[in-house]
Amino acid sequence: MTDTRLESTRRIAAPAADVFALLCDPHGHVAIDSSGMLQDCTGEPVGNAGDSFTVHMDREALCDFPEMGRYDVTVTIRDFEFDRLISWTILGRVRPQIGHVYGYCLEPAEATDDEPAGTLVTSVYDWSDIAPEWRDAGIFPVISEGALRGTLGILDRTVRRGYPRG
């Protein structure tokens, strides 16, 4: 961790393919969000760097800038390694664009005496390359390390329940 990057890791008792499928689905992002900001989405599951989808946001959930109200952002995939890595940037209505990056790294986790085989999932939030105007505003990180851990907990529960459910 640095002063411009947060990470949190959780072992999830599911294959990387199951976790990755959820992370590629725009509805999966909404399903696991612990902040309450992600309300809904429009778009198809992603399969490559450069793919994008729209997330319908509600900033009132954080109560930091409730005047922003409801708005849309475009999630654009930056890094994509099947079953291993997915990261994205957020493009919204603010100018200049902020430039922060969210993502997940997945690694196989061997079975132990206490736990079955699964996946180590690391959630990453990086604002090291944000625009100077945003750095000077002193509002980062917007999401806390606790929120990253919360989202990983919801991810674990959602995958174990069999996401997506028919």
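The values are calculated or read from the model by the stated rules, or taken from the named source; none is laboratory data. Since the structure is predicted, the reported quantities are computational estimates derived from the model, not experimental observations. Reconstructed Cβ throughout: ideal geometry from the backbone, glycine too, with neighbour counts over all protein chains shown. These area figures cover heavy atoms from the full protein model, side chains too; ligands, DNA and RNA do not enter into them. Shrake-Rupley method; radii C 1.70, N 1.55, O 1.52, S 1.80 Å.
Which one is least open to solvent (accessible area, probe 1.4 Å) among residues in region 145-165 that are in a loop (DSSP other than H, G, I, E, B) and touching a Gly at 6+ places or on another chain (Cβ under 9 Å)?
Only one residue fits best here, namely Y163.
Which of the residues belonging to region 1-53 are of a type in the set (F, W, Y) and either open to solvent by 30 Å² or more (accessible area, probe 1.4 Å) or touching a Cys at 6+ places or on another chain (Cβ under 9 Å) (or both)?
Within region 1-53, just F53 meets the criteria.
Restricting to region 93-133, count the residues that are open to solvent by less than 50 Å² (accessible area, probe 1.4 Å) and either outside any loop (DSSP other than H, G, I, E, B) or without any contact (Cβ under 8 Å) to a residue 24 or more places away in the chain (or both).
16
Just to check your reading of the model, which residue among D79, D83 is under 16 Å from the mean Cα position of the chain (by Cα) and in a loop (DSSP other than H, G, I, E, B)?
Only one candidate qualifies: D83.
Give the number of residues within region 133-154 that are over 11 Å from the mean Cα position of the chain (by Cα), closer than 24 Å to V94 by Cα and among the small types (G, A, S).
Count: 3.
Take the conditions free of Cβ contacts under 8 Å to residues at least 12 places away in the same chain and either acidic (D, E) or out of contact with any helix residue (DSSP H, G or I) (no Cβ under 8 Å at 6 or more places or on another chain) (or both) and apply them to C24. Does it pass?
No; evaluated as a whole, the condition is false for this residue.
Evaluate the following for T89: is it open to solvent by less than 40 Å² (accessible area, probe 1.4 Å), more than 16 Å from D33 (Cβ to Cβ), touching a Ser or Thr at 6+ places or on another chain (Cβ under 7 Å) and touching a residue at least 24 places away in the same chain (Cβ under 8 Å)?
No.
In region 59-76, which residue that is at pLDDT below 90 and in a strand (DSSP E or B) is surrounded by the fewest Cβ atoms within 10 Å (Cβ to Cβ)?
Filtering region 59-76 for residues that are at pLDDT below 90 and in a strand (DSSP E or B), the one surrounded by the fewest Cβ atoms within 10 Å (Cβ to Cβ) comes out as R70.
If I go through region 91-143 residue by residue, how many of them are small (G, A, S) and farther than 19 Å from T4 by Cβ?
Looking only at that region, the number is 5.
Name the residues in region 35-55 that are modelled with pLDDT of 95 or more and in contact with a Lys or Arg (Cβ under 9 Å, 6 or more places away or on another chain), would you?
Hits for region 35-55 are A49, G50.
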